[in-house]
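Below: the structure, in structure tokens.
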Amino acid sequence: MNALLRLVVPGLLVLLAACTTPRGTGDMGVVIERASGSLAIVETTHDSRLGSVTGLGDLSHASVVYSRDGRYAYIFGRDGGLTKVDILTETIAKRIIQSGNSIGGAISQDGKLVAVSNYTPGGVRVFNADTLQPVADIPAVYGTDGKRSKVVGLVDAPDQRFVFSLYDAGEIWIADFSQGATPAITRFKNIGKQPYDGLISPDGRYYIAGLFGEDGMALLDLWHPQQGVKRILNHYGRGQRKLPVYKMPHLEGWAMTEEYAFLPSVGHYEVLVVKRNNWQQKAAIPVHGQPVFVMARPDGHQIWVNFAHPRNDTVQVIDTESLKIIKTLKPGKAVLHMEFTPRGEQVWISARDSNQVTVYDTRTFEVIATLPMDKPSGIFFTDRAHKTGL
Amino acid sequence: MARGLVVTGLLFVALSVSADEVSAPRRDELRNLLLQDCGSCHGMTMKGGLGPALTPQALQGKDREMLVVTILQGRPGTPMPPWQGMLSRADVEWLVDSLYQGVTP
């Protein structure tokens, strides 16, 4: 017995030393390094890079969702690749090429389904989150001759639904998986020309598609889908000359306070402020350029905005009470994305052509840290795991 | 024989003109613009996105002048924006010729 212990105990100690200390993932995240097709794994407690995962294919315009345990990141790449990365072991758990050309994805309310929206062939494909085995295929067929539309603005919604927009068709679809693997599809036609992206309110009630081809936005109340899609901000920008848009705005996340929602305008250097109770425009705040991301600090007190090429070296901060710009920052060349820490004391900002991510204190606007990265684009923290629509 | 010489001479002139117009550092800038900024709509590998594929296969048989004008003036009613003001005609011709040959990140 004693002899056995003497043999086993040192063995166990060696094993324990080989494993790293267990850790949670709540302060972790990933940054897409676009040019090299790799993923930087980072943490926000000491603002450091923990490691990298490579071999993820074409990551231009890549986006990420998380498993509900915050351990796995699902990466949607431009080349149709869907990769499940274990951010703790820094390894690829599974990788499939699911289509020719994809744009984004979502994870279902129960965490069991991962949906991918595709440009070619246009549609949505749904996979088992665990195994990445195919579950359902939803071709975005419209009109009478079997044409397929590019799909944009795919989000998850309560009651095990996915909602998305058809760019070429001008439609919004709901795919309801509450009854199992064969979704019930609800189609809303003539919602407006060229929806380019969509977003859902944090409570999962309202879906909004931004329209490129005409003024205004399309609003769907998911508590009452039978009421159909309403046009909001219809008169916005009417008669004003539109400026060219060198990068499509992104409607990821929902910048809103108790009273207002903040949205990027298209073809105008303005952030739109909409009253939440009646969806009427309250103001248009002039900003530095064509807004790309309009994001609220988690407490709703500030809105952070970045801009399209060629005015993309700047970030502006709007105070949500006065609706005034309170700060203009220059985080580097080609600012692509911003991500707040879960409670918003920091924001991480990627500057692609400066090859760095800058971490700002959102109270003092001081730089806390800079991390060198290879053409960084999207930044995604694990608190997204528990947020509808992210 | 004399003809051959003249043709070679002309080719040489044409080549040196385009090389003069788009300097080496400018070409680097344009390459980055093509991959990153055009890439945000056309894909960094030019295989298409919101905008169509701009691979050599996709552009095969398409008129050079039509493509140049599309880039300079954009396509009204679509997200393809006009780049004139930011890019010169020589820049755009260089971009189109690079696309015909194929660009890789």
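Filtering B:104, B:78, B:55 for residues that are open to solvent by less than 40 Å² (accessible area, probe 1.4 Å) and polar (S, T, N, Q) leaves a single hit, B:55. For the criterion of being of a type in the set (Val, Ile, Thr) and open to solvent by 70 Å² or more (accessible area, probe 1.4 Å), residue A:326 passes. Of all the criteria given as (1) within 14 Å of chain B (Cβ to nearest Cβ); (2) crowded, with 20+ Cβ neighbours inside 10 Å, the one not satisfied by residue A:168 is (2). Within region A:244-289, track down each residue that is open to solvent by less than 40 Å² (accessible area, probe 1.4 Å), polar (S, T, N, Q) and without any contact (Cβ under 8 Å) to a residue 60 or more places away in the chain. Answer for region A:244-289, where residues must be open to solvent by less than 40 Å² (accessible area, probe 1.4 Å), polar (S, T, N, Q) and without any contact (Cβ under 8 Å) to a residue 60 or more places away in the chain: just A:265.
Looking across region A:87-101, just one residue is under 19 Å from the mean Cα position of the chain (by Cα) and either within 12 Å of chain B (Cβ to nearest Cβ) or open to solvent by 10 Å² or more (accessible area, probe 1.4 Å) (or both), and that is A:101. Within region A:199-213, restricting attention to residues that are within 14 Å of chain B (Cβ to nearest Cβ) and not hydrophobic (A, V, I, L, M, F, W, C), the residue that is surrounded by the most Cβ atoms within 10 Å (Cβ to Cβ) is A:210. Of the listed requirements (1) assigned by TED's automatic domain parsing to the domain that holds residue A:349; (2) of a type outside the set (Lys, Arg); (3) assigned to a strand (DSSP E or B), residue A:36 misses just one: (3). Taking region A:102-211 and the strands (runs of 3 or more DSSP E) fully enclosed by it, the elements with 1 or more residues that are within 21 Å of the chain's Cα centre (by Cα) are at A:113-120, A:123-128, A:151-157, A:161-166, A:171-176, A:195-200, A:206-211. Flag: residue A:191 does not match the condition of being farther than 18 Å from residue A:102 by Cα and touching a Phe, Trp or Tyr at 6+ places or on another chain (Cβ under 9 Å).
Scanning region A:335-376 for residues that are surrounded by fewer than 23 Cβ atoms within 10 Å (Cβ to Cβ) and modelled with pLDDT under 95 yields A:353, A:374.
Regarding region A:228-239, can at least one residue be identified that is touching a Pro at 6+ places or on another chain (Cβ under 7 Å) and open to solvent by less than 40 Å² (accessible area, probe 1.4 Å)? No, every residue in region A:228-239 fails to be touching a Pro at 6+ places or on another chain (Cβ under 7 Å) and open to solvent by less than 40 Å² (accessible area, probe 1.4 Å). Applying the criterion of being touching a Leu at 6+ places or on another chain (Cβ under 7 Å) and modelled with pLDDT of 95 or more to the residues of region A:48-64, the residue that is surrounded by the fewest Cβ atoms within 10 Å (Cβ to Cβ) is A:49.
Name the single residue that is nearest to residue A:78 (Cα to Cα) among those in region A:109-124 being touching a residue at least 40 places away in the same chain (Cβ under 8 Å) and open to solvent by 10 Å² or more (accessible area, probe 1.4 Å). Out of the qualifying residues, it is A:113. Listed by first and then second residue, the pairs linking a residue in region B:77-92 that is over 16 Å from residue B:26 (Cα atoms) to a residue that is open to solvent by 40 Å² or more (accessible area, probe 1.4 Å) and part of a loop (DSSP other than H, G, I, E, B), with Cβ atoms under 6 Å apart and 6 or more places separating them unless they lie on different chains, are B:81/A:244; B:82/A:244. Comparison of B:61, B:43, B:39 shows that the only residue that is modelled with pLDDT under 95, more than 10 Å from chain A (Cβ to nearest Cβ) and closer than 26 Å to residue A:79 by Cα is B:61.
The values are calculated or read from the model by the stated rules, or taken from the named source; none is laboratory data. Worth saying up front: this structure is predicted, and the values here are computed from it rather than measured. Because the Cβ atoms are built from the backbone with ideal geometry, glycine has one as well, and the counts that use them run over all protein chains shown. Heavy atoms of the whole protein, side chains included, go into the accessibility calculation; ligands, DNA and RNA do not. Shrake-Rupley method; radii C 1.70, N 1.55, O 1.52, S 1.80 Å.
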